[in-house]
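Q: My structure is below; once you've seen it, I'll send some questions.
Values quoted throughout were computed directly from the atomic coordinates according to the rules given, and no laboratory measurement underlies them. As the structure is a computational prediction, the values presented were derived from the model and not from experiment. Don't worry about glycine lacking a Cβ; one is built from the backbone with ideal geometry, like all the others, and counts go over all protein chains shown.
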Amino acid sequence: MALFDYESAGVGISKNAPKKKGIKLFGDIFFRKFWKLIEVNMLYSLFFLPLILGFMSIVYLYDVNLTISLVAAIACLLFFMVTIGPATAGVMKIMRCYLIEKHTFIIRDFFRAFRRSFKKAAIIGFIDCMVIISVFASLKVYPMMAVTYNSKMLYVPMTITLSFALVVMMMNYFIFLMLVATNLSLKNLIKNSFALAFISLKGNIIIVLTTIVTMFLMLLLFIYLTPVFWILLPFFPAAFIMFVTAFNSYPVIQKYVINPYYTSIGEINPELISGSDEETLFEDMGGKEKPIEKRKKGKGKRIS
């Protein structure tokens, strides 16, 4: 009995076969692109090196020369704040290609999107970083002020800051995808992502829960299996979260932004067309051919 049977074949896969949806489609794309996602994560991780270098400059240079330490840390932080947006756009460009089944070369398409969207993406990334800094500052400052002045009203601006940060986070689920998929101005990118953040609440909840669960698991690894955490960090979590984000958000962008545009000009969104109407030299026979029967073994005359 052979482990692999090369003498028989099935009927193949028809290009007109029903398309997978939901969790089946997610699993199909995710497992087909698993190793590619690891490559994307490794590339994206390189753009976090300035943060590490900034932290190291404070730890190792603070006692040696305070001025040099602070200047190096600020320079690294600013470099990160300017480049993380274009890097995120590059990743989302690749995720979009995976979702619409478009072939992509990771390095080429990443840096092409990085370069083409640099100005807008850098502004968005800088704003995101400022919002994150504001959140950490509010969590530290307002509770201290509330205790000092014995006033619970000081928790109100903290709540406003956290609510604003939550909205900005959900806007990020859409803004970078729209940036690489459309030619919208920065003003319209912000306006559309703000609207979609409230329209797609179900998808946003899925992304938030996925992010929380993933970060919680990474935290457990950091606490109990620190070496595994540092080994896994450059290879997995960011690309997985961004893939989940794109999977839930891009269909919403297609429905409310891209498809209406093509409808307004009397055309169909090319991303929704599974095949071409152009004449082809070869017809796809997937699903039509008959299975190849296994050849029967028997005695016969030997020709010498």
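Q: Using the charge dipole of the stretch 29-268 (Lys, Arg: +1 at Cβ; Asp, Glu: -1 at Cβ; taken about the Cα centre), state which of Met56, Thr211, Phe30 has its Cα farthest towards the positive end.
A: Value: Phe30.
Q: Sorted by average packing, counted as other Cβ atoms within 10 angstrom per residue and highest first, what order do 194-203, 145-154 take? Each step should come with its number before you reach the end.
A: Working: 194-203: 16.2, 145-154: 11.2.
So the order, starting with the most tightly packed, is 194-203, 145-154.
Q: State, to one decimal in nm, how far the label point of Asn259 lies from the label point of Met130, with both points 7 Å from Cα in the Cβ direction.
A: 3.6
Q: While we're on this one: Write down the radius of gyration of the stretch 29-268 and its Dmax, each obtained from C-alpha positions, in Å.
A: Rg then Dmax for the stretch 29-268, in Å: 19.6, 67.
Q: Also: Once fully extended, how much extra length lies between Ala137 and Ile205, figured as 0.36 nm per residue of separation less the alpha-carbon to alpha-carbon distance?
A: Between Ala137 and Ile205, full extension yields 21.9 nm more.
Q: Give, as ranges by residue number, the residues of the stretch 107-141 whose backbone N falls under 12 Å from the point 7 Å along Cα→Cβ of Val156.
A: No residue qualifies, since no backbone N sits under 12 Å from the label point.
Q: Taking neighbour Cβ counts within 10 Å as the exposure measure, how do Val135, Val180, Val228 sort from fewest upward?
A: On the way: Val135 18, Val180 22, Val228 12.
In order of increasing Cβ crowding within 10 Å: Val228, Val135, Val180.
Q: Additional query: Provide the packing ranking of 24-35, 76-87, i.e. peptides ordered by the mean count of other C-beta atoms within 10 Å per residue, highest first. Don't skip to the end; give the middle numbers.
A: Numbers: 24-35: 13.2, 76-87: 20.2.
By packing density, highest mean first, the sequence is 76-87, 24-35.
Q: Find how much the distance from Ala165 to Ile123 grows on full extension, using 0.36 nm per residue of separation minus their present alpha carbon separation; answer in nm with one decimal. Before the final figure, lay out the partial values.
A: Values: separation 42, 0.36 × 42 = 15.12 nm, distance 1.63 nm.
Stretched fully, the Ala165-Ile123 segment lengthens by 13.5 nm.
Q: If you don't mind, another one. Estimate the FRET efficiency between Thr182 and Tyr149 by the formula 1/(1 + (r/R0)^6), using the beta-carbon distance for r and 45 Å for R0, to the nearest 0.05.
A: Working: r = 48 Å, r/R0 = 1.06.
Efficiency at R0 = 45 Å is approximately 0.40.
Q: If we count other beta carbons within 10 Å of each Cβ, what is the order of Lys120, Lys19, fewest first?
A: Values: Lys120 20, Lys19 10.
So the ranking, lowest neighbour count to highest, is Lys19, Lys120.
Q: Sum up the lysine pairs in the stretch 29-268 that clear both bars: alpha-carbon distance under 26 Å and a spacing of 8 or more or different chains.
A: Step by step, the pairs that qualify in the stretch 29-268 add up to 27.
Q: Now for a different question. Within a 10 angstrom radius of the beta carbon, how do Asp63, Asp128, Asp109 rank from fewest other beta carbons to most?
A: Working: Asp63 8, Asp128 21, Asp109 18.
Ordered from fewest to most neighbouring Cβ atoms within 10 Å, Asp63, Asp128, Asp109 come out as Asp63, Asp109, Asp128.
Q: What is the distance in Å between the Cα centres of the stretch 127-190 and the stretch 61-85?
A: Here the answer is 23 Å between Cα centres.
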